[in-house]
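The structure appears right after this line, and notes come after that.
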Amino acid sequence: MTPEMASHLAEEICRLAPVVPVLVVKEVAHAAPLAEALVNGGLPALEVTLRTPAALDVIREMSEIEGGVVGAGTLLTTKDVENAKKAGATFGVSPGATDRLLDACEANDLPLLPGATSATESMRLLERGYSVQKFFPAEAAGGTPFLKSLASPLPQIRFCPTGGVSLQNAMDYLSLPNTLCVGGSWVAPGDLVEAGNWGEISKLAAEAAALTS
């Protein structure tokens, strides 16, 4: 898969909803009901971070949920990419980007949303063909003022800001011309997931899905 095709597919996924839930799931049993709650609430694109031992099994379970588009987050190594692809992930997300990671995603036909924090990093990714990128960690790296400042010199690049994004500041990002969507964990708080409060999570998802309407 070429970087250009990867970015095209990543843009399609980013345009499915204004928010991509960033999920840290500890129990496989939570996978299906959590995915159903988020999809039913209007958030079909789901990023399952590879931060727990259960993550790959969670991806397998979630990939069976109708209407969901499941990706793997926190991709760091070639092995991460291969395991995520085998588990059923249809896209990948990384906090940064290395040549080895980009090579692995291209070789495994896994569309990647690569992370960038500076103009130089964004330019290097754009030079390789990646015009859709993750801005991470968004708030710590300068927030909306920094991202807005990239819009004029780098109008070809669209971003998914993630990291410190919440219901309170999501619209600040979504109103920028170079933002496609935002990534956030607030739609699936750990306490609600652990409690199995899928109804409340579905409400949070619906609230997030309505941000740009």
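The values are calculated or read from the model by the stated rules, or taken from the named source; none is laboratory data. Computed from a predicted model, the values in this text were never measured in an experiment. Cβ placement follows ideal geometry from the backbone for every residue including glycine, while neighbour counts extend to all protein chains displayed.
Look at residue 113 and say whether it is over 16 Å from residue 181 (Cα atoms) and either hydrophobic (A, V, I, L, M, F, W, C) or surrounded by 15 or more Cβ atoms within 10 Å (Cβ to Cβ) (or both).
Judged against the criteria, residue 113 is not a match.
Looking at 104, 170, which one is aliphatic (A, V, I, L, M), touching a Lys or Arg at 6+ places or on another chain (Cβ under 9 Å) and either under 19 Å from residue 46 (Cβ atoms) or surrounded by fewer than 23 Cβ atoms within 10 Å (Cβ to Cβ) (or both)?
Going through 104, 170 in turn, the sole match is 104.
Tell me the residue from 77, 90, 144 that is farther than 15 Å from residue 6 by Cα, of a type in the set (Val, Ile, Thr) and out of contact with any helix residue (DSSP H, G or I) (no Cβ under 6 Å at 6 or more places or on another chain), please.
77
Just wondering, is there one or more residues in the range 45-65 that are modelled with pLDDT of 95 or more and in contact with a Phe, Trp or Tyr (Cβ under 7 Å, 6 or more places away or on another chain)?
no
Return the residues of the range 197-213 that are over 20 Å from the mean Cα position of the chain (by Cα) and under 15 Å from residue 46 (Cβ atoms); say none if nothing qualifies.
The answer is 198, and nothing else.
Among the residues of the range 36-60, what is the count of those that are aliphatic (A, V, I, L, M) and farther than 17 Å from residue 14 by Cα?
So the count comes out to 7.
Can residue 157 be described as at pLDDT 95 or above and within 24 Å of residue 34 (Cα to Cα)?
Judged against the criteria, residue 157 is not a match.
Need at least 2 residues that are of a type outside the set (D, E, K, R), more than 21 Å from residue 97 (Cβ to Cβ) and in contact (Cβ under 8 Å) with a residue 40 or more places away in the chain per element, so show me which helices (runs of 4 or more DSSP H) inside the range 1-77 make the cut, counting only ones lying wholly within it.
Passing ranges, in order: 31-41.
Suppose we keep only residues that are within 13 Å of residue 117 (Cα to Cα) and out of contact with any Leu (no Cβ under 8 Å at 6 or more places or on another chain) within the range 129-144. Which one would you say is surrounded by the most Cβ atoms within 10 Å (Cβ to Cβ)?
Top of the filtered list is 136.
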